[in-house]
1. Roll a 1.4 angstrom probe over the protein heavy atoms and tell me the percent of accessible area of the chain that is carbon or sulfur.
2. Rounded, prolate or oblate for the range 266-374? Axes are the square roots of the Cα gyration tensor eigenvalues, ordered a ≥ b ≥ c, and the cut-off for rounded is a/c under 1.5.
3. How big is the range 365-501 along each principal axis, measuring the range of its Cα positions in Å and listing the largest first?
4. May I ask you to compute the full-extension gain from Glu386 to Ala472, defined as 0.36 nm times their residue separation minus their alpha-carbon distance, rounded to one decimal in nm?
5. What is the magnitude of the charge dipole of the chain about its Cα centre, with +1 placed on the Cβ of each Lys and Arg, -1 on the Cβ of each Asp and Glu, and no other charges, expressed in debye to the nearest 20?
6. Defining a contact as two alpha carbons under 8 Å apart and six or more residues distant in sequence, what relative contact order in percent does the range 389-501 show?
7. How big is the charge dipole of the range 334-385 about its Cα centre, in debye rounded to the nearest 20, if each Lys and Arg gets +1 on its Cβ and each Asp and Glu gets -1 on its Cβ?
8. In the chain, what % of DSSP beta bridges are antiparallel (nearest 5)?
Amino acid sequence: MHDQLIIFDTTLRDGEQSPGASMTRDEKIRIARVLEKMRVDVIEAGFPAASRGDFESVQAVSKSIQDSAICGLARAIQGDIDRAAEAVKPANSGRIHTFLATSPIHMKEKLRMDPKDVLAQAEWAVKYARQFTDDIEFSPEDAGRSEPDFLCRVVEAAIKAGAQTINIPDTVGYNVPQQFGQLINDLMERVPNSDKAVWSVHCHNDLGLAVANSLAAVLNGARQVECTINGLGERAGNASLEEIVMAVRTRKDVFFCDTRLNTEQIVPASRLVSGITGFPVQPNKAIVGANAFAHESGIHQDGVIKKRETYEIMRAEDVGWSANRMVLGKHSGRNAFKMRLQDLGVEFETEEELNSAFARFKDLADKKHEIFDEDLQALVTEEAAEHTNEHIKLTTLQVCSQTGEVPEAKITLSVDGKEVRATARGSGPVDASFKAIEKIVKSGGQLQLYSVNALTGGADAQGEVTVRLEKAGRVVNGLGADTDIVIASAKSYVMAVNKLHSKAREHPQIDQAI
Ligand code: KIV
Ligand code: ZN
C-alpha cells in the first residue's frame, strides 16, 4: 500500500521571492500551465495582498487552471485573508494559506506579540478564512525554531478552528534531517486532533538540507511537501520539486508513498522557469542539470552500454530529457508551430501575437537548422518581454574584435520609437556592447551576474545569456538568446534595463510585521 504524497508547488510565490525573479502575470500563467500538465496538486500562485500585480496574477492563474488547486498566501490578518479569498475565488478549487510566526525570536522581535495573543490570532485567522473555503492551510512560521509545547498548542487550535492542512516551515533552513523528522513525528503524536489534518513541510535550503529535511519529514508521516522547480526561493531557495518527486518515486521501498506527477514534464518545467526568471540551472544539478545523465568516464560509458542500470538509477526519458528533441525546422508551417507551442503550454491571445512569434521563429530557422523546444521557450520569453515592458529595443549591433586590437561595438537602439546610435570600446566584445548600450540608456545599473548557457547541443546552438543588474537595492534579470552570443548578451542587457526602467514593482516579500 502506498499513500499519496501531495505536491504543493510554490515556485510562483516563494520562488518569486528570489531577488530578481519577479514574474509578470502572463509568465505566471505559462508556468502554471506546465505545473498543471505535470499534475501538481496545489499551485501557490502568489501573495495577493503584497501588490495589485500579485493579486491580479493569482486571480488570472485561478481562471486559467482547471486541474490543480490554486492557493493564495495571507498573513493572519483580515485584509490579507480577504484579498487571498477574492483572488482564488475563480479557481475550480481554491485554497487560502495563512501564516503567523511562533518562534520566540519572531514573536518578540518581529511581531512584538505575546505567545497567548499569537495563539488567539492564529485561531481567529483560520476561523475567519473558513467562511470563504474549507480548504485552509495554516503555517506556524519559523516552526523549526519554535518551542515544541507552544507549537503543539497553536497547531491544535488551528486544526480545531478548521485548518485542513498544517504546514511546518523551517523558515530559515536551520534544521537537520534527524531532528526535523523527529519534530514531525512528535507533533503528530502529541497534538490530540492531529489525525484531522494533512501534515505538510516547507523547508529552506540555507544549510543545503531542504530536500533531506523534507524527506525526513515524509518518513515520519508528512503527506504534503512544499517545493519549487529548480529549488528556486528566498535566499538559498526551497526544497527542489524534482529531487523530492524523483526520490520518492525511485525509492518507493523506503518512503512507501508516491506522487501523482507526470514526471516527463520536469525538464520542460525546469527550462521554462529558468528562462523566465533568468536563474540558470547548474550543469551538475540533480535531475535537471545538463550533466545529470551524462557519463564521461569510459568505465561508466561501457557499463551503461552493456546494461543501463549499472550506473543509472532513473531513466532520462522519465524526467523529460528525450521528449524535447528536434521538433521543428525551416519548412515547418504556422500550424505546426502553433500546435507545438500549445503542447508547451503557450497560447496566443491574438492572431497578431502568433504572427509576430512565427516571424521570429522563421528568422531563427534561417540561422539554425533544427529548432528544439528550448529554442521555442526562449523565443516566447523574448517575445512576451518585448510586448510587456520594452521601450528600448535592440535594432542593430556591429562588433569588431580581432587579435591585438581593442574590441569596439557600434549599436543602434530604438528608444521609444526613436533610433539612437553609440560606439564604445571594451575589454571584449560583450564589454564593448554593454558600454555602448549604457552610453545611450544611462541606467547606472551595476552588473551583478553575467552567464552564458548553450540552450541545446551543437555548434549552431543558441547561447542563452543572463544579465543581472542592481540599482538602489532593486535587482532585475535580463535574458536573451541568439546563435550569436554577443547579440544574445546585448538583448539580455537591454531586457534588464527595460525592467529597471519599468515602474518599480513592489517586491512580493512585504513587511510581515502585524
Ligand atoms: O518560509 C516560510 O516560513 C514561508 C511561510 C509563509 C510558509 O514561506
Ligand atoms: Zn518559505
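The values are calculated or read from the model by the stated rules, or taken from the named source; none is laboratory data. Predicted model only: the values in this text are computed from it and were never measured. Positions of Cβ are generated from backbone atoms using ideal geometry, with glycine treated the same way; all protein chains shown enter the neighbour counts. Surface areas here come from the heavy atoms of the whole protein model, side chains and all, with no ligands, DNA or RNA. Shrake-Rupley method; radii C 1.70, N 1.55, O 1.52, S 1.80 Å.
1. Working: 10940 of 21840 Å².
The C+S portion of the solvent-accessible surface of the chain is 50 percent.
2. Taking the square roots of the gyration eigenvalues as a ≥ b ≥ c, the range 266-374 is prolate.
3. Rounded to whole Å, the extents work out to 40, 38, 29 Å.
4. Numbers: separation 86, 0.36 × 86 = 30.96 nm, distance 2.44 nm.
Taking 0.36 nm per residue and subtracting the Cα distance, the gain is 28.5 nm.
5. 660 debye
6. Relative contact order comes out at 21 percent.
7. That gives the range 334-385 a dipole magnitude of about 240 debye.
8. 50 percent
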